[in-house]
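Report on the structure given below.
The values are calculated or read from the model by the stated rules, or taken from the named source; none is laboratory data. Worth saying up front: this structure is predicted, and the values here are computed from it rather than measured. Cβ placement follows ideal geometry from the backbone for every residue including glycine, while neighbour counts extend to all protein chains displayed.
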Amino acid sequence: MRKHYIDNLRWIILLILMPYHTAMAWNSWGEPNYICFEGNRFISSIIVFFSPYFMPLLFVLAGVSTKFALQKRSNKEYLVERVKRLFVPFLFGTIVLMPIMAYLADRFNYSYSGGFVEHYTIFFTKYTDLIGADGGFSLGQFWFLLYLLIISAIGVGVITLSKRIVLKAEITIPFWLVCLWGLPLPLLSELLSIGGKSLVEYMYLFMLGYYIFADEKIINKAEKNCWLLFGIGLVATILNTYLFIWADKEFVLINTVTKYVSEWIMIIALIGLAKKYLNFSGNVSSYMNKRSFLFYIYHFIWVVLFQYILYGVVGDHSYILFMGTVLLAYGATFICCEISIRIPFMCFLTRIKYSPKK
């Protein structure tokens, strides 16, 4: 039976990426970005508010989906499907879309004056911080597809091994213990970390999704306690944002605690809220489920393009630039999705089912 609340929560989280990636242009801590404006603490607060939990939540949901997928497929069938689903779009994004974003970044941030064809070679030969703000090689948002592919392959191995060495017995995990499973996150976050994205941390979250959040008893308890957990998570999230962006002094320990409490408790709370309020299907959810993967693939290039264009039109008016970029990029991304889903070759590149207009 399909878990509609998992699908609905996933596409809602993906929609947040648009304002999140738009806001990165104004980050106040000096992180390189494809388009860089002067730091703005109000806009930066959007990034810090969502960053602790929204990508970790996607890995947890991927683990849950894997649990149900392996009930219908063999390990080999699952891995073949993962490679087809993730590797081709990863190559498409890295080879076709990312060079465009890096080219615009080099022109905007470093006044590059050469042509795109010339810069295409630069993209694949210039390796610096892998962020791409200087025109060098970058995976952009496609790091997620690569990580998910690697984690899925390792995860199947771990799952297969665990079935062989662990006794097949039903274990009831107390819900209070589930709330403590986030304690290792600060220790894992720096392991195999590339650009601040820890392969070990996301692997841990993926496996928790498989073993913990695919358990209906745990989900029911998360649903029952969702508002209490959301309140705790929201307080931690607000404190984390204040301490990181607005506080005049650094409170490293407290800031770290609030960040990881926000990450883990918000994951549980949002899954519980989704089970309570989003466990349905309809026209909107069906539409978004079919296009959410395309949205992820295309959204960032439109953010960068519209920031590049609008800056030349309205100048450095931060809030006009921010809102204009978000609105135009949403529109352009969905138009792009509608075009792409009706072209067989584009469906192959993005591994989306062909949907001709009727």
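To keep it simple, each residue is scored yes or no on (1) touching a residue at least 40 places away in the same chain (Cβ under 8 Å); (2) aliphatic (A, V, I, L, M).
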position	(1), (2)
223	yes, no
230	yes, no
239	no, yes
247	no, yes
267	yes, yes
279	yes, no
- [ ] Could you grab the pairs with beta carbons closer than 8 Å, sequence gap of 6+ or different chains, first residue in segment 93-118 and touching a residue at least 24 places away in the same chain (Cβ under 8 Å) and closer than 19 Å to residue 312 by Cα, second one outside any loop (DSSP other than H, G, I, E, B) and among the small types (Gly, Ala, Ser)?
- [x] 101/140
- [ ] Could you tell me which numbered condition residue 30 fails, if it satisfies all but one of (1) over 21 Å from residue 202 (Cα atoms); (2) modelled with pLDDT under 95; (3) surrounded by 14 or more Cβ atoms within 10 Å (Cβ to Cβ)?
- [x] (3)
Task: helices (runs of 4 or more DSSP H) enclosed by segment 68-129 - at least 1 residues per element that are in contact with a Leu (Cβ under 8 Å, 6 or more places away or on another chain) - done: 75-92, 98-110
- [ ] Considering only segment 66-92, state which residues are in contact (Cβ under 8 Å) with a residue 60 or more places away in the chain and either of a type in the set (S, T, N, Q) or closer than 30 Å to residue 31 by Cα (or both).
- [x] 66, 75, 86, 87, 88, 89, 92
Task: Answer from 167, 208, 192 - the residue that is of a type in the set (A, V, I, L, M) and at pLDDT 85 or above - done: 208
Task: Boolean, residue 268 is in a helix (DSSP H, G or I), out of contact with any Asp or Glu (no Cβ under 7 Å at 6 or more places or on another chain) and surrounded by fewer than 22 Cβ atoms within 10 Å (Cβ to Cβ) - done: no
TODO: Looking for whichever is assigned to a helix (DSSP H, G or I), out of contact with any helix residue (DSSP H, G or I) (no Cβ under 8 Å at 6 or more places or on another chain) and among the charged types (D, E, K, R) here; the options are 290, 249. Which one fits?
DONE: 290
Open item on the list: Checking the condition within 23 Å of residue 38 (Cα to Cα) and either crowded, with 16+ Cβ neighbours inside 10 Å or modelled with pLDDT under 95 (or both), which residue from 294, 278, 310, 349 passes?
Closed with: 310
TODO: Mind counting the residues in segment 308-337 that are closer than 20 Å to residue 298 by Cα and either of a type in the set (A, V, I, L, M, F, W, C) or without any contact (Cβ under 8 Å) to a residue 24 or more places away in the chain (or both)?
DONE: 16
